[in-house]
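The values are calculated or read from the model by the stated rules, or taken from the named source; none is laboratory data. Since the structure is predicted, the reported quantities are computational estimates derived from the model, not experimental observations. Here Cβ is always computed from backbone atoms with ideal geometry, including for glycine, and neighbour counts include all displayed protein chains.
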């Protein structure tokens with residue numbers, strides 16, 4: 001039995017969607033979640049700052065005795081996962097846009113990717129997209145201000161801005177839409193009202209959790225206890241949205257990290 005928690009961090013509420021999926025697929029696993037919303041968003045920060053924040057978050061989780069770390073942030077994964085793995089010995093699981101499944105499933109040979117600026121311009125992202133793209137056209141759209149609006153709970157302005165971003169890709173005849181930021185998971189109900197039904201939304205959460213499950217088994221650190229899991233969510237900058245969403249999914253505590 002290994003009841004040490006899995007550590008998760010994101011720049012705010014985005015990774016809560018991954019936490020919920022872990023609870024569903026791996027119900028015995030305890031989780032500590034860091035919502036670094038004091039520094040949200042990461043997508044418009046310098047690469048050096050993203051690396052610094054990611055190392056800080058990982059170090060905090062390891063000090064809390066976490067047995068594995070999940071980087072529930074596309075921007076942090078694509079810009080800092082190498083440095084994190086080089087700095088810590090515990091298993092590190094990252095998240096990145098679901099480019100490969102989108103390319104494998106497209107019929108029009110055109111896919112759209114909605115992500116933060118630092119994700120789309122990262123070497124890691126471009127290496128992945130170039131490797132799998134072949135003859136598929138990839139339409140990239142930076143989701144300027146979406147993360148801030150999601151964190152603030154401004155749904156009206158979010159919908160207006162989101163519509164302007166998606167209309168360009170819809171006109172390009174995409175049939176796969178890749179969500180390249182965990183915050184965007186919370187936009188899926190709005191997105192479905194904007195895009196045609198033939199466009200498939202690629203949200204990688206279940207695939208990420210299956211990878212977490214695999215890594216735990218390989219390292220023999222899965223929790224075999226039948227006790228119900230415990231979620232503790234630490235926030236370093238409180239907003240109404242983080243309080244509302246977090247309280248639905250675990251014990252919420254303020255922490256200066």
For residue 93, which of the numbered conditions (1) under 30 Å from residue 62 (Cα atoms); (2) in a helix (DSSP H, G or I) fails to hold?
(2)
Residues that are in contact with a strand residue (DSSP E or B) (Cβ under 8 Å, 6 or more places away or on another chain) and closer than 20 Å to residue 37 by Cβ, drawn from region 147-182:
179, 180, 181, 182
So is residue 197 modelled with pLDDT of 85 or more, more than 15 Å from the chain's Cα centre (by Cα) and not in a helix (DSSP H, G or I) or not?
yes
When you go through (1) at pLDDT below 95; (2) surrounded by fewer than 18 Cβ atoms within 10 Å (Cβ to Cβ) one by one for residue 235, which number turns out not to apply?
(2)
Among the residues in region 214-222, are any buried (at least 19 other Cβ atoms within 10 Å of the Cβ), at pLDDT 85 or above, under 24 Å from residue 97 (Cα atoms) and assigned by TED's automatic domain parsing to the domain that holds residue 67?
yes
Residue hits (region 156-166; loosely packed, with under 15 Cβ neighbours inside 10 Å and touching a helix residue (DSSP H, G or I) at 6+ places or on another chain (Cβ under 8 Å)) are 157
Do you know which residues across region 71-89 are surrounded by fewer than 24 Cβ atoms within 10 Å (Cβ to Cβ) and out of contact with any strand residue (DSSP E or B) (no Cβ under 6 Å at 6 or more places or on another chain)?
82, 83, 86, 87, 88, 89
